[in-house]
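To start, the structure itself, in structure tokens.
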Amino acid sequence: MIPKYYEFLNRIKILSGFQALENIPHELKERGSSHPMLIMEKEAEEQGLLKNFLAAIDDPELIIGSICFSAPPITSEALEKTLSEFKSSACDSIIAIGGESSFELGRAVSFLLKQSTEDSILLMDDACTGKNISSPFVIVPTGNSGLEIAGDPDIVVLDPRMAYNLAPRTIILYALDTICHAIESFTCLQKNPLSDAYAFSAINIVRENLADAVKFPRKRAVRHALANAALLSGIAMNNSHAGITHALAYALEENSHVNHQEAVAIILPFCMKANMPKLDEYYGELLLPLKGPEIYADTPKPERGRKTVQALRNTLLEYHLKYDIPICLSGAGVKRSDFDNITTHCLKSSHLL
């Protein structure tokens, strides 16, 4: 059903595929930039990804102005130091490489540049050329977190050469987070045909590639596929909102220090079961991308929603036995004494609006 009114926005340019990195110099030139600052996690350098990146973007007209390393948590001192380095090095763009900490730092610097009085003139389109000459913000993910679109970067670059060598357990957790993003965006109050299409595709890609990614974690094609799935689900959730699963997951992170992906994996089936009376039909539709056309066709329509939830439970149990993915809160270190604080935090979450 198409809602009477909906909004969908994705202003990000996405470069995805083999040799996607080689297009960065051209994209920066198009935006009037040639002197970027690199913000990256130390792990990216240790895995040789900085060397790969610099070799790929080698261009005589592109000069790296500065390289800064990020580490969580991002403090005000780190932000001030990075912003000062950006200005003193005469940088004109930001490329964040890695994961959450580099994205967060790059996003904060980009935001401050765009908000500063000094840059207010630069943010206006040039009256003669019509070209925006603000400081472009480019993100190059090295994992499959789905965080890539947060903060509205100008460009997201998915290149399989920049993927971390992840352990199978980490690959599984990222994939479960991708599935959760997709399921919540497909079933929330702000769902719409465009976000539905992104969410549906994300789950389908995970189904087609996760087993190979776990079996062959260094296989670039499947890692690249999962990165695309994470991006698709992130765009879907950004446009149709998350729900109770993410509200609880963030509360568990804040109060019990549970890893976000583990929190999502634990509570997603329970939240789906609680929402079954209202969302049974939507869950039934998701059986197709989650388990494939044969199982979908063999399952009577009234049973598809329950089968979707049971399929997720079975998958989690399998990964629990093989890779120690937690399937209960106590297994993730949550105590009953934490429940009151978790509930209070959850009820204040914007994801419940």
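The values are calculated or read from the model by the stated rules, or taken from the named source; none is laboratory data. In this text the structure is predicted, and so the values were computed from the model without any measurement. Here Cβ is always computed from backbone atoms with ideal geometry, including for glycine, and neighbour counts include all displayed protein chains.
Observations on the structure shown:
Matching residues to (1) within 28 Å of Asn23 (Cβ to Cβ); (2) buried (at least 19 other Cβ atoms within 10 Å of the Cβ); (3) in contact with a strand residue (DSSP E or B) (Cβ under 7 Å, 6 or more places away or on another chain):
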| site | (1), (2), (3) |
| --- | --- |
| Asp152 | yes, no, no |
| Met162 | yes, yes, yes |
| Ala199 | yes, yes, no |
| Leu231 | yes, yes, yes |
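- Check on Ala182, crowded, with 20+ Cβ neighbours inside 10 Å, touching a Phe, Trp or Tyr at 6+ places or on another chain (Cβ under 6 Å) and more than 14 Å from Gly143 (Cα to Cα): no
To keep it simple, each residue is scored yes or no on (1) exposed (fewer than 15 other Cβ atoms within 10 Å of the Cβ); (2) within 20 Å of Ala225 (Cα to Cα); (3) in contact with a Gly (Cβ under 7 Å, 6 or more places away or on another chain).
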| residue | (1), (2), (3) |
| --- | --- |
| Ile2 | yes, no, no |
| Ile12 | no, yes, no |
| Gln19 | yes, yes, no |
| His26 | yes, no, no |
| Leu38 | no, no, no |
| Lys42 | yes, no, no |
| Glu61 | yes, no, no |
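- Only one of the listed residues (His260, His246, His224, His241) is in contact (Cβ under 8 Å) with a residue 60 or more places away in the chain, on the phi > 0 side of the Ramachandran plot and touching a helix residue (DSSP H, G or I) at 6+ places or on another chain (Cβ under 8 Å). That residue is His241.
- Residue selected from the stretch 136-148 under the condition within 24 Å of Val206 (Cα to Cα) and modelled with pLDDT of 70 or more, by the criterion surrounded by the most Cβ atoms within 10 Å (Cβ to Cβ): Asn144
- Thr170 vs. criteria crowded, with 21+ Cβ neighbours inside 10 Å and hydroxyl-bearing (Ser, Thr, Tyr): no
- Residue check for Leu105: under 24 Å from Ala230 (Cα atoms), part of a strand (DSSP E or B) and of a type outside the set (Val, Ile, Thr): no
- In the stretch 38-94, the residues that are outside any loop (DSSP other than H, G, I, E, B), small (Gly, Ala, Ser) and within 19 Å of Leu105 (Cα to Cα): Ala44, Ser66, Ser70, Ser76, Ala78, Ser84, Ser88, Ser93
- Cβ-Cβ under 8 Å pairs, at least 6 apart or on other chains, the stretch 35-63 side closer than 17 Å to Ala163 by Cα, far side loosely packed, with under 15 Cβ neighbours inside 10 Å and of a type in the set (S, T, N, Q): Gln47/Asn165; Ala56/Gln19
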